[in-house]
1. Where in segment B:45-70 does the amide nitrogen come within less than 15 Å of the point 7 Å from the Cα of B:Q91, taken along Cα to Cβ?
2. Could you give the accessible area per residue of chain A, probe 1.4 Å, as a whole number in Å²?
3. How much of the accessible area of chain B, probe 1.4 Å, is carbon plus sulfur, in whole percent?
4. What would the Debye formula give as log10 I(q)/I(0) at q = 0.14, 0.16, 0.18 Å⁻¹ for the alpha-carbon point model of segment A:3-215, no solvent?
5. In µm²/s, what is D for the protein assembly as shown at 20 °C and 1.002 mPa s, where D = kT/(6 pi eta Rh) by Stokes-Einstein and Rh is the Kirkwood radius from Cα pairs?
6. Can you pick out the pairs among A:K138/A:K223; A:K133/A:K217; A:K43/A:K133; A:K138/A:K219 whose Cα atoms lie more than 29 Å from each other?
7. Please identify the GluC sites (Glu not before Pro) of segment B:25-126 that satisfy two criteria: DSSP loop assignment and at most 10 other Cβ atoms within 10 Å. Which are they?
8. For A:A114 and A:K133, calculate 0.36 nm times their separation in residues minus their Cα-Cα distance, and state this gained length in nm to one decimal.
Amino acid sequence: MTHAIAIDRLHYRVGTAFEIRDLDLHVPAGSIYGFLGPNGSGKTTTIRLILGLLRPLSGRITVLGDAMPEQHARVLSRVGYVPEQPHLDVTLTVGELIDFQRAFYTRWDQHRAAELLAAFELDRDRLFGRLSKGQKAKLMILLALAQCGDLLVLDEPTDGLDPVVRRDILRALMAYVSERGATIFISSHLVHELERVCDWVAVMDNGRLITASPMEKFKHGIKRLVVTGAPRDIVDPPFRILAREAANGAGESWVVGDWDPAMQSYIERLGAAVREVIDLDLEDGFVELLRSFRGVSR
Amino acid sequence: MFHGIDPRSSIPLYAQIAERIRLAIANGTLSSAASLPSVRQLAAELRINPATVTQAYRDLEEQGFVEIRHGAGTFVRELAPGRRARERSQQAVTLVRKLLAEARRSGVSLAELQRALETELGVKTA
């Protein structure tokens, strides 16, 4: 199994307001895969399709080598899932919730559960409903990790949490991955956090996948250029021009995708000059990519 | 040792980590036979992908700075005489390049840079 998650030609629609079209997504086994996109772009819907909680109109979803949703019982016993909103019974205590969850998972690792309970400073006797937001999030992570899955699907697990809790959670996740070599599929708005941990990144908008690539390739391929003397029309460039606008001062500011330093000579052959090549971080790249995608699709 | 590593930089994280360790070896913070933190430990501490740490350690091994003993850990190797000093000069070159690039970006001239350097050091070098 080379892909922990494989989605091919997926089509899903609910009502007329929203649909996911022609989705192809391949998550390499062992990767930490960041899933980015604005609110309402279809991230949570995609995650629910992956877990078999929704049924596609057409297309194929394979998770850990098994077809979804047909094999969901087999698959879900090996998948740890942390939904956007905790869905646990507020009238149970932390300890009761751990024991309850444990009963469903044959691979449950009680030692890890105890370790995380201590590391997260959670009180076994406290009611779930009385926990703070951060404590709830930590318990959800504990439950997902103690079931020892080969795949963790995390829907905005640290968004809206304070930095101390986010640190604790990421630390636990990274320790888990180093020990078990599991795959993590993680959606988040905290782009800098994803930039730290992910080796793959995909961007979704309006039900469509805009890009999916290894993190380093994504970051290397997106640059801001300061260009002077460029002709108005550029036909079939070897890179993608995501944005082009007049820069203050001289020349123009371009944002390019699929860039390679060797392509500078292409611009020079057009009689233009590249004054500067500026690196963009994941957040800038993400924003520029969205901007360009929306400009084209509108 | 890893203070200020920057995931947003265009320099990949594994390269930044390898550089920090090389520097620590060059300046003696890490002596021969010292053991590096385990992959799990460092990945958790820095909250980064374990694969990034593994890649950094592999690069260091390829460059002859460390030895990965499977199951035991990663250890600083005995370095040939002069290697530490060479690594430090290499680092000096890197620092100067960074400084020059930054100066160019902010429009500071070479003469201005040199004057500032002399003032900081309190000596006239020319």
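1. Within reach of a label on B:Q91: B:65.
2. That works out to 47 Å² per residue.
3. Answer for chain B is 53 percent, counting heavy atoms of protein chains only.
4. Listed by q, the Debye log ratios stand at -0.83, -1.08, -1.34.
5. In µm²/s, the coefficient rounds to 88.
6. Exceeds cut-off: A:K138/A:K223; A:K133/A:K217; A:K138/A:K219.
7. B:E78
8. 4.8 nm
The values are calculated or read from the model by the stated rules, or taken from the named source; none is laboratory data. Keep in mind that what you see is a predicted model, and the values were worked out from it rather than measured. Every residue, glycine as well, gets a Cβ built from its backbone with ideal geometry; the counts of neighbours run over all protein chains shown. Heads up: the accessible areas ignore ligands, DNA and RNA and are worked out on the full protein's heavy atoms, side chains in. Shrake-Rupley method; radii C 1.70, N 1.55, O 1.52, S 1.80 Å.
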